[in-house]
Each structure stands twice: as C-alpha cells, then as structure tokens.
Amino acid sequence: MSETRLLVVEDEANIVEALSYVLQRAGFLVETVSDGDAALQLLKRERFAAVVLDIMIPGMNGFDILRAVRADPRLADLPILVLTARGQAKDRQMAEEIGASAFITKPFSNAEVVERLRSFTGKSQQGEEG
Amino acid sequence: MLHADFVIASCLIYVAILFSVAFAGDRKARRNPGGWLSSPLVYTLSISIYCTSWTFFGAVGTAARDGFDFAPIYLGPMIVFTGWWLFLRKLVTVGRVHQTTSIADFISARFGKHSGLGALITIVAVIATAPYIALQLKALTDSYQVLTHPAGAIAASSTILEPNYSVAFWLAAGLCSFAIIFGVRNLNVNEHHHGVIAAIAVEAVVKLVALLIVGLWVVISVRGIPAEIFANAPVSLMRPADTFDTRWVTLIILSGIAVVCLPRQFQVMVVENSSERQIRTASWLFPLYLFLLCLFVFPIAIAGLNRLPAGANPDLYVLTLPLQEDRPLLALLAFIGGFSSATSMVIVSSIALSTMISNHILVPLALRFSIIPTNSTQSVRHFILNTRRAAIIFIVFIGFLYFWVSGTSEALAAIGLISFCGVAQFMPSLVGGLFWRRASALGAFAGMAVGFLLWLYTLFLPSFGGSAIMTAEVIAQGPFGLEWLKPHALFGLAGFDPLAHAVFWSLFVNTALFVTISLITEPTPLLRLQSTLFIDVFRRQTESELRVIRRTARVGDLRQMAERVIGPRDAMELFSNVPAGERAVVASDELLGQVEQRLASHIGAASARSLVSRVVTDETVSVQELKRLASEAEQIRAYSEELESKSRQIEEAAAELASANRRLREIDKQKDEFLSHISHEVRTPMASIRSFSDILLSEPNLEEERKQRFLAIIQKESIRLTRLLDSILHLNQMEKGQPYWEVALFDPDRALDQALESCEALAESSGVKLRRVKQGPPVLVLGNSDKLAQVFINLISNAIKHNTDAQPLVMITSVSDESAYEARIADNGPGIAEDDRERIFGKFERGSNAERAGAGLGLPISRQIIERFGGHLTLAASRPKGAEFTVRLKVARAPSDVLPLRRSVS
C-alpha cells in the first residue's frame, strides 16, 4: 500500500521530534516545516493526506494558513488538525469557524492525534503501533 | 423807565402773596395733607423750577443770536419725561419708598449707605450750584437795573452796567429768609415742604403767564399776524448752517440728564413726590409746559431784532420790547416772571443743598467727633435744624460772593451749562444703581470723583477765562506746556466744542471707572441688600433689612437717641408699642428698623445708620435671609449656575470614569493576554513532556539510546517549566516591590565576566563569536552581584540566540568613569524593528524578527532589576545592523554610599 503523507507545521523542535516519531511509527510518511509561509507554499505545491497545524508559528500564523487553504478550491477538502497551546474556547471556536477539521490542545495524547489522523485519511490501524 | 419804588413795591406785594400761599399751604398740610397740595398739577408746576431766569430771559437771547440753539435745553427734558418714563417712575418710586432726603442720600443709600459717596455728591452739588445761584442774582439785578434806569431801559440794556450789589444783597437776604422760614421748619424732610411747593407752583404759573402774555402781545399788536413775523426773520436766524452739530446733540443729552440730577430737580421730583399719580401726569404735562414756554421765543426774538437798536442786549428783549412800545405794565409783568424764575430756583436749590450739607457733611462730622451735645433731648434736633439754616445762608452767601467777584465778567453767562455738566456726574451711579445689581460703592465713588475732577479741569476752571486759578496760558498750551493736558483738548482730543469735549471725557471716564471697578469689587451684604431693595422696588416694597442684618440694642438707648433727633413727642409715638418700664429689654429687629427708617427721613440713611449703630451692641448678617431677599431672577440665576457647575462636575466625573474604564479594560485585556501567554508558555513544554512520556510508556522496548534522549528532553522541558514559573513569580514580586536582596558594594565587571563565562558554551554551540572590551578604571557599584550577572546572562544569551548573521558576533563592552558604569551588549543580528523598541520590555514580548526562544520575560525582569539598583536598561538608538543594549549604573564612591555595606533595598 502507498504511504500516506502528512505535513506537520510546528516550530517547537521537541514537539516536532515527538510527533514525527509517533506518526512514523503509526505508518505515516511525515514532512515537517517550522515556518508559516513555507508551510503554505508546500501545501500548494505538494499533496498531503492531512496536516497537523500549530497556530503560534513564525511568519504566517496557523489561522491565516487555514483560511488560505480553505480559500483554495483544490485544498478545500484537505483534513487539517489544529494542534495548539492556545487552549481558550474562543480559539477553538475560531478554528472551527474557518474550517479546521479537528482541534486538539497541547499537551496532547499521542493516541488521540494518531486516531484523528487515521480517521481523516482512512488509514487503518496497523503494525506495531499501540 | 419805571420808578424804582414802584418796582420794589410790586415785588414786595408779590413776595407777600408768595408768603401767604406758602403759609396757607403749610397750614393746610398740617390739618389735611393731600387735596390740591398733592395734586399732580402742583407737582408738575413745581418741576418747572427747571426753567430759571436763565431760560426765561436767556432763551430769547440765544434764539436772537444763534437761532435754534435755544431748543436743546427744552428738548432734553421733554425726551426724558416722555421717553424715559419707566426710568423716572422707578427713580421716583424708590425715592418715595425709601423716604429719600436728597440725591446724595439716594445714591449713598443705594450703595450700602456709603457716607463718603454722600459727602462727595454734596461737594460736587455745592460747587456746581453756587455759581448758578450767582447767575440768578445777576439776572434779577440786571433786569431790575434796566427797568429802573434813569437813562431809559433800551439805552441801559445796550451798555454794561456796574451791578448794584446792594440790590443783590437784599434779594439774597430775602431769599434766605424765605427758604429758612418755609424750608427748615421741620427736621423730617419727608414730611414735604408743602408751603414751599405751593409757592413754587404759583411762581411757575406766573412765569408762564408772563411769557405767554408778552408773546401774544408781540404776535398780535407788534407785527400783526405770525406769518409776517417769520417773513421778516433774518435768514441766518432760521437756517444757520451749523446748528445741528455736536454741541447741539450734547446740549440735548446734558439737559436731559440735568433735569434729573440737579439737586433742586431731584428735590421737587423725587423727595417731594407723594404718589405715582403725580409722576404719571408730569410725564406729559411738564413737556407741555416747556412747549408753551418756548412757543413765543422766536416771535419775541425776531420782533426784538427788528424793532430794537442793534446794540440792545438780546437777553433782555422780553423786558425791553414792551418798554420800547411804551407798555410799562407789560414790562413789569415780564420782570415779575423773571423774578419768579430766579427766586424759585434759589429757594429750592438752597433747601436741597442745605439738607445735603447737613445730612452728609455736618452731621457725620458731628457724629464722628462727638460734637453733638449728649445731655439734652432737644440738642440734636436743634443742632441739625441750625446746621440747615446755616447751610442755606452759606449757600446763598457763596452765590452772592461769586456774583460779587465775577459780576461784570462774562464768566456767568455759561455757568448754566457748566453746572449741568457738573451734576451730570451723578447720572452713571443713578442709572447703574437702579438697574445694575453689580454696581458697587467703590465704583460709584471712583467714577464720580474722577468725573468731577475732569469736569473741574476741562470746563469749570477754564470758565473763569484765564484767572489766577487757571491762566490763559495754561488753557491755550496746557500746564507746563504739556500739549496733551490742554483743558480743551485733553489727551489730544481736539477740534470739539469745549462743552462737548468736557461732557465726553468726564462722563466717559466716570462710566468706565464705575463699571470696571464694580465688576472687580465684591459687594458687602448691606450693599447687596440695598441694591436688591432699589432694583426690585416694584416687587418688594415692604421688605427691610431687619431680617438680613440682625442687630442687638437696648430699647432704652434706642429711645433716648430717637428722642434727641425726632423729638420726644414723635419718639413717644414711635415707641408706643413697647411696654413701659422695660428699659433694659432688647429691641426687636422690627423696632430697630423702624427707628432707623424714621431717623433716615430726618438726617439721611447714612447718618441714621451710623447713629443707630452707636447704640447697637451686636450686628450679624444672615446670609440665608440675604439670599432669600435677592430677587427671584438672581436666585434662579444662581441656581442655574449651580446646576451648570454641578453638571460640569458630573461631566468631568463621567469623563474620568470613562477613562478609568478604558484603563481597566486595557488592564483586563493585558491580563487576558498575560494569562493566554502563560498558558501557551506552560502548555508547550508540557506537550513535549506528555508526548515523550506517552511514547516511553507505550513502548517498553524502545532502544536505550532513544529512550535516554527522550528522557533528557523530558527533563529539560521540566526545568524550562520550573524556570518559567520562577520568572513569573519573580516578576510579580518585583512589580509589587517586594524582593529582599542582599545589597553590597561590588565590581560590576566581575559580574559581567561571570556572565560571559556562563554564555560561552551557548555561544560555541551557536557558532557565535564573543568579544570583550574594557575601558576605564575598576569601579564599585551598590547592588546584588548575582542579580546583575543574571541580567547580563539574559542580555548576552538573547544576543547569541537571535543572531542570524552569517558571521555572528556579540560585542561586550564595559566603560567606566568616576560617576557611572556602563555595560554594552551589541550584536550584528537582525536588530530590533522600530515598532518593537518599547514593546520588547513588555511581558512575553519578543521582537517580531526574533526566532522563538525563552518565555519573553527576560527583558522586563532585567529592566526591573537594573531600575532597582538605581540604574537604567536601554536599547540604543536605531542602528544599521544589530541591536545594542546598555546597562548604566551609578558608581558608589562617597563614604556615605560605602558605609552601609549590607542593607536591603526595598
């Protein structure tokens, strides 16, 4: 089976490392980027099955990326999981309004993130993941 | 000519008639005041003393010389009586209600019973009136001499006669006795001089009838029909080119003012007034009287010009024209008319002035210097009556003296108008007093005094025509050659008629001072009360000061004093309601008020007040009552002002509240942001810890190397979390000013080197070069070495972490001299954007160019620390590349700074 490509947009190195490890273990192919502008360019250029998106990142912030993605007809259906340390209700509301597919606050459970991404990509549980 | 004895006999008969009229008038008044005595007709006729012999003879003379120039003297009063009716009504009503004794009393009472004002007005009035009396004496003597001259009247009137002073003297003496007999019978001025007024009314009729008969005779028998008379009038008389000029208008204004302000006019119009009906009738009847009086002025003047030789004095046409046509009885009638005009003026003027002199000068002086004997009840009465008699003699004597001194000179001719201008100085205070609440005593006094001096300087003194008092040289060139002080062109105002010039300057400065000083002075309670009583006279006539100003006096003292002024009989009546035998009882406010009012009607308000205050032991002002008394309008105004000021206060409070709310919202927003930041800063390391723990827990068989790495991250992130919490607590503590650090003298360079050492590892791992420069001698500062090192570490590590340059470099420089120590940490990184320069010192803020690292609390904490040491942490002004932070500290050198080696900073 073909590997499912994910894009992780995150500027905190430790979290990038953790997510990469967990998602690869879950069978995804993981690309990471730490800058907002670079992330949007990448999304327009390449195809990803889903995106993990932080809000507070250098350059274009997560909300702006989300809006830009939803404005692009080719990317309108791209599953986007917002993963942020901004834990307030209004942030969640805002994210959902502009088209986030899921909203998870940091700190997060690895299992939950994997579960959500699987449900978005239709990728079934496999291998040694547990 | 007429035989002198015949003329004298006629005069004596006429005077005898006047005496009997006056006597009858007084007798009737005692039995039944009212009836014809207080009829509006008699009142109006008495006002006609305005027309003196000056107008009786002089109007024809002026008309013969200058045509319509005679008219303003009549037009002014006509305008005032018809057009200013409301003003007159108010003036007369106030005078009646307050039982005013003279114009001096009126104005001084209005301005808080100010005794100085009363004295000033009296002095001005005497100086302005004495020459006027002299003018009457001259007119009488002249007309008598012309009438009885052996060479014939026409010839006599063509030459300048040496005045017959003995005639003048006996006339003056006669007028004195009349004024004393009928004018000073009683102390109570307000009981009205019915006898005098009756006699004056008869004289008014006589002078009008005399002039009308002469006029009719001229029209009917001398020239036939009126049309013919005017047809023969000289053209220059009827259409003079410069008639209606500045002087003409000035004369109208001046005579309008004089008809109110002349002491004798005020006497008959205000003091002698007993009902509003009188002034109502006078408002149309007096102008009618004046109209009739000047009806035949032109015909007589024209007839005189046509029939009499060119040298004949036009001022005596009324007399000489009948003689020319051989009508001696008609001439006698004209003489009696002039005689009436002169005598009535002298009598009323002397009575009015004597009251003023007595009430406003002699009584106050006697009171002040305790001249009035205190032993007898009658003494005060007699003293006052005698001063009045003496004052009458004094005034008429001064008039006579003036006539004697200046008898043959031309000075007297102009004295009528000069006198008008003098008394016109009362007008601003009079009008202001009746209508303007702010009008103050000081303003009235200053305005009047300066106006009076200007009048003296620009008009009165120059009228002597270059005498010892004011030489011709001074008049022509100004004193000491000062052009701008020329009496007839003061302050460079040249080219005007001297009269118009004097009227302008004196009244202008008078009014200006009056208004300005009134505006800047604060009224006393009594002044405020009196102004209310005067201005609101139609609204509250019954109010008195008794509730406003509370005074305490013993009934006995009060009664004794009253008896001495008003006599035992009147005093008994006044005190009839007070039970006998209670001499020590305190008088009620009402009784005090009654006594003072009664005294005021005898000796004027100011003297009455000063007299009453001698037995008053205690005086307090009730502000509340004063407020209550103030007119509704004033209350409403005060209320609305209060409301306005309150609503202003409320508006200000609302604005303050709004800005406080804005500040609160701002603080609230900052707090939200702060919490949001903290949440973010806590959640980020927590996320790493959680995520790696999840991995470690779910994968027990993780290879050792990876396990170690993940655990290290967890540990690092835990430390980061702890540091964050410490920082927050630290900052909070510092913001509250609570930290207690050990403070000591230390070398700041050592702290800097220590910090440098701590950062070397970081620099090496980031590939950043550090360079250290030292300038200046080693110094000591006061503070905490560890804290300072912490600041330096923060600044150096920031410079390392944010430096993205290809060849990153951080320069650490320290510069010291005897007063200051400076450490500069500069990098060649991206620098700080202009917009961020202040923001970076805020909590959780990072420059927008900065890569993320740290919690953003470093700079605010550092700044707090440095400021606690009395130093400054600043960002150097914009640089082309990189950022430079400067820590500046004070060097501690003085022993006093060194002594407390260990102490805490709070």
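The values are calculated or read from the model by the stated rules, or taken from the named source; none is laboratory data. What you are looking at is a predicted structure, and each value in this text was computed from that prediction instead of being measured. Cβ atoms come from the backbone with ideal geometry, glycine included; neighbour counts cover every protein chain shown. Ligands, DNA and RNA are excluded from the accessible area calculation, which covers all protein heavy atoms including side chains. Shrake-Rupley method; radii C 1.70, N 1.55, O 1.52, S 1.80 Å.
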With the full set of protein chains in place, find how many percent of the accessible area of chain A is carbon and sulfur; take the probe as 1.4 Å. 46
Length gained if B:V209 through B:A744 is fully extended, taking 0.36 nm per residue and subtracting the Cα-Cα distance, is 180.9 nm
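What FRET efficiency comes out for B:A173 versus B:H382 if R0 is 22 angstrom and r is the Cβ-Cβ distance? Round to the nearest 0.05. It would help to have the intermediate numbers written out before the result.
On the way: r = 23 Å, r/R0 = 1.04.
Using R0 = 22 Å, I get an efficiency of 0.45.
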Between B:T246 and B:L329, what FRET efficiency follows from the Cβ-Cβ distance if R0 is 51 Å, with the result rounded to 0.05? 0.70
Compactness of region B:632-734, expressed as Rg and Dmax over alpha-carbon positions, Å: 29.6, 101
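Once you sort the root eigenvalues of the Cα gyration tensor of region A:4-115 as a ≥ b ≥ c, which label holds: rounded (a/c under 1.5), prolate (a/b larger than b/c) or oblate (the other case)?
On the way: a/c = 1.39, a/b = 1.10, b/c = 1.27.
Rounded, since a/c falls under 1.5.
Let me know the charge dipole size of region A:4-115 about its Cα centre in debye, to the nearest 20, where only the beta-carbon of Lys, Arg (+1) and Asp, Glu (-1) is charged.
Details: 12 positive and 17 negative charges, 52 e Å.
Its charge dipole is roughly 260 debye.
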Estimated vicinal HN-Hα couplings, Hz - region B:318-328 in sequence order (Karplus 6.51, -1.76, 1.60; Gly, Pro = x): 4, 8, 7, 4, x, 5, 4, 8, 6, 10, x
For A:A50, residues with placed amide H under 5 Å, excluding near neighbours: A:L7
Accessible area drop of at least 30 Å² (1.4 Å probe, protein heavy atoms): which residues of region A:11-40 qualify, relative to the chain alone? A:D11, A:E12, A:N14, A:I15, A:E17, A:A18, A:Y21
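Quick check on packing: order B:804-816, B:505-517, B:659-671 by the mean number of other C-beta atoms within 10 Å, highest mean leading.
On the way: B:804-816: 16.8, B:505-517: 19.6, B:659-671: 10.4.
Packing order, densest peptide first, comes out as B:505-517, B:804-816, B:659-671.
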So how much slack lies between B:W85 and B:R30, counting 0.36 nm per residue of separation and subtracting their Cα-Cα distance, in nm? 16.6 nm
Calculated from backbone phi, Karplus (6.51, -1.76, 1.60) coupling profile of region B:656-666 in Hz, x at Gly/Pro: 4, 4, 4, 6, 4, 4, 4, 4, 4, 4, 4
Length gained if B:I719 through B:N306 is fully extended, taking 0.36 nm per residue and subtracting the Cα-Cα distance, is 135.4 nm
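Using the heavy atoms of the protein chains and a 1.4 angstrom probe, tell me the accessible area per residue for region B:632-734 in square angstrom. Walk me through the intermediate numbers first.
On the way: 7180 Å² over 103 residues.
The answer is 70 Å² per residue.
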Scan around B:L809 for amide H atoms under 5 Å from its own, H built in the peptide plane at 1.01 Å from N, and keep only partners 5 or more places away or cross-chain. B:K769, B:N828
Residues in region B:672-691 that, when all protein chains are in place, have 40 Å² or more less accessible area than the chain alone would give (probe 1.4 Å): B:S676, B:H680, B:R683, B:T684, B:A687, B:R690, B:S691
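Taking all protein chains as present, what is the carbon and sulfur share of the accessible area of region B:18-141, in % to the nearest whole number, probe 1.4 Å?
Working: 2230 of 3470 Å².
Ligands and nucleic acids excluded, carbon and sulfur reach 64 percent.
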Run the quick spin-label model on B:F23 and B:Q775: label points 7 Å from Cα toward the beta carbon, then report their separation in nm to one decimal. 12.2
At B:S698 and B:R438, where each label point lies 7 Å from the Cα along Cα→Cβ, what is the point-to-point distance in nanometres? 8.9
Taking accessible area as the heavy-atom solvent-accessible surface of the protein chains with a 1.4 Å probe, which residues of region A:70-94 lose no less than 10 Å² upon going from the isolated chain to the full protein assembly? A:A85, A:R86, A:G87, A:Q88
I'd like the distance separating the alpha-carbon centroids of region B:810-834 and region B:708-781, in whole Å. 17
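Which pairs in the list B:K736/B:K890; A:K44/A:K123; B:K671/B:K787; B:K736/B:K787; B:K138/B:K207 are over 20 Å apart, alpha-carbon to alpha-carbon? Mind dumping the intermediate values first?
Values: B:K736/B:K890 24 Å; A:K44/A:K123 23 Å; B:K671/B:K787 27 Å; B:K736/B:K787 17 Å; B:K138/B:K207 18 Å.
Exceeds cut-off: B:K736/B:K890; A:K44/A:K123; B:K671/B:K787.
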Report the Cα centroid-to-centroid distance between region B:271-285 and region B:93-108 in angstrom, as an integer. 16
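Taking every residue in A:105-114, how many Cβ atoms of other protein chains lie within 10 Å of its Cβ, on average? Please report the intermediate quantities before stating the final value.
Details: counts 3, 11, 12, 6, 3, 8, 2, 1, 2, 0.
Average neighbour count from other chains, rounded to a whole number: 5.
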Grab the other residues whose beta carbon is less than 14 angstrom from that of B:I812, score K and R as +1, D and E as -1, and report the net. -1
Per-pair calculated FRET efficiency, R0 = 35 Å: B:E705 and B:K671 via Cβ, rounded to 0.05: 0.20
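At 1.4 Å probe size, with the rest of the protein present, what percent of the exposed accessible area of region B:657-811 is carbon and sulfur atoms? Walk me through the numbers before you get to the answer.
Numbers: 4690 of 9030 Å².
Carbon and sulfur together cover 52 percent of it.
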Result for interface chain A to chain B, accessible surface buried in total, 1.4 Å probe, Å² to 100, stands at 2100
Net charge near A:V52: determine it from the other residues with C-beta under 14 Å of the C-beta of A:V52, scoring Lys and Arg +1 and Asp and Glu -1. -4
Modelling each spin label as a point 7 Å along the Cα-to-Cβ direction, I'd like the B:A820/B:V586 distance in nm, to one decimal. 7.5
